[in-house]
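Beneath this line is the structure, given in structure tokens, with notes to follow.
Read-outs throughout are calculated quantities, based only on the coordinates presented, and are distinct from any laboratory measurement. Source: prediction; values computed, not measured. Virtual Cβ from ideal backbone geometry, glycine too; neighbours counted across all protein chains shown.
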Amino acid sequence: MNTIDRQQLIRQFPLLEQLIRLQETHWFNPNVTSLKDALPYVGLSAQDIQEASDRLARFAPYLAQVFPETAESHGIIESDVIEITAMKAKLEEEYQTVISGSLRLKKDSHLPISGSIKARGGIYEVLTHAEQLAIKAGLLSVSDDYRKLASPEFRHFFQQHSIAVGSTGNLGMSIGIMSAKLGFSVAVHMSADARQWKKDKLREHGVTVVEYLQDYGVAVEQGRKEAENDPSCFFIDDENSHTLFLGYAVAGERLKKQFDQQGITVDEHHPLFVYLPCGVGGGPGGVAFGLKMAFGDHVHCLFAEPTHSPCMMLGVHTGLHDQISVQDLGIDNITAADGLAVGRASGFVGRAMERLLDGYYTLSDERMYRHLGDMDALENIQLEPSALAGIMGPILVSNDADYRHRFALDDATMHNATHLIWATGGGMVPKEEMASYLAKALDEKTRNESAKTTK
Ligand SMILES: *Cc1c(COP(=O)(O)O)cnc(C)c1O
């Protein structure tokens, strides 16, 4: 939308005032429906997720061979779920709130190959493209042993094709590393906020990194334009890709299996709450879709965004989706949470998933930093700021009686709840960079404490 009448929009949606003032805000969507009623709007099915899962299984022997860090899991890229009791106690104390049920962390931060949630969707989309090219060229059939993709013939074949993507960092890492490994020539168009070490790492892998002084939206647009001029170039479209979305969605059945192994029940009397950091929306949207397909209406998904980049909350709340950006409201989209620095949400994800997401909230960078420090000190888990966005979710759910009432979540049921914070990145952050995150965390903690005592 070229011209947004801000005043008119704020009158219609008073919550926007809070967003504009960069206040931490939450909104539990009253228009959530059952999975059955919402599914037609998603336009994807259990069968689509199954196909993605099967494709990843076909590639697993290849991945185990070319990425030795995945050998132990036989080429399946998956992360652990762990209970974080010390962190739970800390949150309860700090926010003076009881979190009923258990608190767990999904460590996508430590996924192999690229150390973020993007190792799901990004890698999956590159593999899908490679498979299609090779099958079309008569070089591969789905019953083959895919380890043959590591041979010089295949590398030579893929060298004739190129891949491009726009990214704030982590998507570029996943797509760049995977594409380069197969032999593709690959260009990653990086927004200004992307970290230097990510650019360096990609260049080490032989990836072309194109740097922009503007944000993610511009990097994507430029990447798309360059790709259009080259017929052999495949552009990976983070804003609209169903393939990426399905790569993420496989997480649902995988989590269900992990919960089964750990004896964690999810049903009518044992609800599951999942808190997902949201950038453009594909990662959390795809994961939430997979979770809904795996656990049905017993899983409740909430999206978390930085106060400076609340694009999904803005898009869904106003119903304008990708027709509005945070910049249209004068919000700067500047945040330390790399993967979340997105001003305009995916229209596809917002429209597909709005009936399936219980709520949206924003939190400040300062809070992400503070809890980054806590996670290090109390659980010895090192995360990047974005990965802490989920942390406020259990507090908001615990404090909102109306929301729980709407879903008939009484005290006895909440007592059996599992709260799952989806930690989306950090596993590959270099030591010096992590030290500077921790120093910042300490600063914020000190500032917060002195603010409390002077109150
Ligand atoms: C990309 C990313 C997200 C969010 O994924 P989107 O698909 O952009 O919504 C969250 N956390 C981290 C660390 C990321 O890199």
Mind sorting Arg195, Arg344 by how few other Cβ atoms lie within 10 Å of their own Cβ, fewest first? Arg195, Arg344
Could you sort 429-437, 244-252 so that the peptide with the highest average Cβ count within 10 Å comes first and the rest follow in order? 244-252, 429-437
Take Ile395, Ile84, Ile334 and order them by how many other Cβ atoms sit within 10 Å, fewest up front. Ile334, Ile395, Ile84
With a cut-off of 8 Å between alpha carbons and a minimum separation of six or more residues, what is the relative contact order of the chain in percent? 21 percent
Taking Lys and Arg as +1 and Asp and Glu as -1, residues besides Gly183 with C-beta under 12 Å from its C-beta add up to +1
If you scale each eigenvalue of the Cα gyration tensor by 5 and take the root, what three semi-axes come out for the chain, rounded to whole angstrom and sorted largest first? 34, 25, 23
Averaging the inverse of every distinct alpha carbon separation and then flipping it gives the Kirkwood radius. What is it for region 118-238, in angstrom units? 14.4 Å
Just to be sure I understand the curve: with the Debye formula and one point per C-alpha of region 321-385, what is log10 I(q)/I(0) at q = 0.18, 0.19, 0.21, 0.26 Å⁻¹? -0.84, -0.89, -0.98, -1.12
Can you bin every Cα-Cα distance in region 1-97 into 5 Å intervals starting at zero and give me the percent of pairs per bin, rounded to whole numbers? 2, 8, 8, 8, 9, 12, 14, 14, 13, 8, 3, 1
Figure the gain on full extension for Leu438 and Thr453 (residue separation times 0.36 nm, minus the Cα-Cα span) and round it to one decimal in nm. 3.1 nm
Which of His415, His371 has the fewest other C-beta atoms within 10 Å, and how do the rest follow up to the most? His415, His371
Let me know the charge dipole size of the chain about its Cα centre in debye, to the nearest 20, where only the beta-carbon of Lys, Arg (+1) and Asp, Glu (-1) is charged. 300 debye
With 0.36 nm assigned to each residue of separation and the Cα-Cα distance removed, Gln258 to Leu378 gains 40.8 nm
For Gln160 and Tyr95, FRET efficiency with R0 = 60 Å and r from the beta-carbon atoms, rounded to 0.05? 0.60
